[in-house]
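Quick note: the coordinates plus some simple rules give every number you see, no bench work behind them. Keep in mind that what you see is a predicted model, and the values were worked out from it rather than measured. Methodologically, a virtual Cβ is constructed for each residue, glycine included, from the backbone with ideal geometry; neighbour enumeration extends over all protein chains shown.
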Amino acid sequence: MKIADWMVESDVAFGTSGARGLVTSMTDAVCFAYTVGYLKHLQTLGEFTPGTSVAIAGDLRPSTPRILRACAAAILWMEGQPVNCGFVPTPALSLYAFGRGIPSLMVTGSHIPDDRNGIKFNRAHGEFLKSDEAAMRHEDVTLPEGWFDEHGALKIDVAVPPLTDVLPEYVARYVDFFGPTALSGLKLGIYQHSAVGRDVLVSVVEALGGEAHPLGRSDVFVSVDTEAVRPEDVVLARDWTQTGQFDAILTTDGDSDRPLLADQNGRWLRGDVLGILAARKLGAVSVTTPVSSNTALEASGVAPFVQRTRIGSPFVVSGMTEAVEKGNVPSVGYEANGGFLLASDIEHDGRRLVALPTRDAVLPMLCALVSARSGQSGLAELLETLPPRFTVSDRLQDVPTEQSKARLALLREDVPAVSGALGFVEACGPVATVDETDGIRMTFERGDIIHLRPSGNAPELRIYVESATSERAEELLTLGLESVRRWMV
């Protein structure tokens, strides 16, 4: 069968960040087939031949070890050499693989609940783009006879290769650029929960001279979404900072490629605001970011070249690459979820930060902390240097994607009428512009923005709001959630 047929039969399809689905749907056979299709596509590009090394790693979900084993079996079947990088952050795996020009894959479901998982594929020098996904769908895959039982479980033994430690290189990346005293004097709480990078984040902070205090470590998987922070995590950050002990709280999502940073008052920073701070610190000439990101980017004049894309790192990577080809460097990108991407090397004070064109959670947090420290202020004060635009977001869960698309089609047909029926016009005034780059993004005459978009990774409808004050943004998000929830029934 072609990979497109495997997608239909298994209900495991490509989202914004690789193949994802229910753990029950991601059988060994399905994961094997996906990996074979991926390697066959790389063969057509000249990036995989018999004997090629393929780096693999995973997050801390209960299903990850099983899926990794199926992926390793597929690599062996294709006569490749799996390189076992263990359970490490996605950017640590990517840094290792890109630096050696070898393919890599990460078994992770990122922030989504652990009843789901996924496989994020990379090419030898960068992310798997949408054009790669489209081509991979046409690859034919036949399972080897006798390898799987009737339920799709792998029956053969797969020898796990010795562990290759990629973390020292990952830590050195930041120490070499920022210096071993970059965080000296800072007391930083590290919210560990179940993030795969929870221990290496402590190592990075300490290697830069900071004082790291691990917090909230969990033995079970915790679904931390950096775009829709859980109420309990809001409370935790405020409780931890009430004593004045911490200058900031740092954490990441499940596979540690998206950051979440709280200031000294326990307020979590939005990822798109963190991206602006990082771009400014790095002296970016070109910034690529999805349409959903905070418009303070343009208002602040951080970079002379700004381009907006659809949501998802492959689209950001494409935009960043175009900027590099035009000579608009340094070229960076970021997403509203905080993942920061670097398309070109950065030179500063004789130090070099090598390009890493995939989401990185650590870099933007370090940029913000170093900026605040060098300005002898806290993160809260650093945020006040940006134009007053505030974004919040949340999601309606368990909403089938097709249902979301059908509803948005009705909105698209008559935006003024439907937005009025939802109460948006009464609250925000008439609609001024509509952007359909990804979902439906409505900018109202009073300056408020409401953006509706089906998630590419899970059965969820995302709601993004932007306004001139945080209170106004929260008010509109509550209105949006309640109105859209009723509308979806």
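Here is how the numbers come out for the structure above:
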read-out	value
Check: the chain dipole with +1 on Lys, Arg Cβ and -1 on Asp, Glu Cβ, in debye	480 debye
Modelled FRET efficiency - R0 51 Å, ILE156 with ARG352, Cβ distances, 0.05 increments	0.65
Sorted by Cβ neighbour density within 10 Å, fewest at the top, the residues TYR464, TYR334	TYR464, TYR334
Distance in nm between pseudo-label sites at GLN242 and GLU9 (7 Å out along the Cβ direction from Cα)	5.6 nm
Debye intensity ratio in log₁₀ form over the Cα atoms of the range 3-164, taken at each q of 0.08, 0.15 Å⁻¹	-0.19, -0.71
Residue exposure sequence - MET365, MET1 - by fewest surrounding Cβ within 10 Å	MET1, MET365
Value of Rg/Rh across the range 103-158 [Cα atoms, Kirkwood radius]	1.04
Stretchable slack from GLU402 to ARG446, in nm (0.36 nm times residue separation minus alpha-carbon distance)	12.7 nm
Orientation-averaged projected area, Cα convex hull of the range 147-186 (nm²)	5.8 nm²
Fraction of the pair-distance distribution of the range 168-383 above 26 Å, Cα-Cα pairs, percent	29 percent
The chain: relative contact order as a whole-number percent, Cα under 8 Å and 6+ apart	12 percent
Computed [θ] at 222 nm, helices only, for the chain once each DSSP H run of length n ≥ 4 contributes -39500 (n - 2.57)	-11000 deg cm²/dmol
Relative contact order (%) - criterion: Cα under 8 Å, at least six apart; region: the range 390-488	37 percent
Computed FRET value (nearest 0.05) for LYS187 with VAL235, which takes r as the C-beta separation and R₀ as 25 Å	0.75
Stretch gain in nm, segment LEU45-THR469, where the contour uses 0.36 nm per residue and the Cα spacing is subtracted	147.7 nm
Cα-based shape type of the chain, given that a ≥ b ≥ c are square roots of the gyration tensor eigenvalues and the cut on a/c is 1.5	oblate
Extended-chain gain in nm, criterion 0.36 nm per residue less alpha-carbon gap, GLU322 and THR142	61.1 nm
LEU215, LEU22, LEU261 arranged by Cβ crowding within 10 Å, fewest neighbours leading	LEU22, LEU215, LEU261
Percentage relative contact order, the range 298-387, counting C-alpha pairs under 8 Å, at least six apart	19 percent
Ratio Rg/Rh [Cα only; Rh per Kirkwood] for the range 390-488	0.93
Approximate spin-label separation GLU298-ARG217, in nm, with each point projected 7 Å along Cα-to-Cβ	4.7 nm
Where labels lie 7 Å past Cα in the beta-carbon direction, separation of ALA409 and PHE305 in nm	3.9 nm
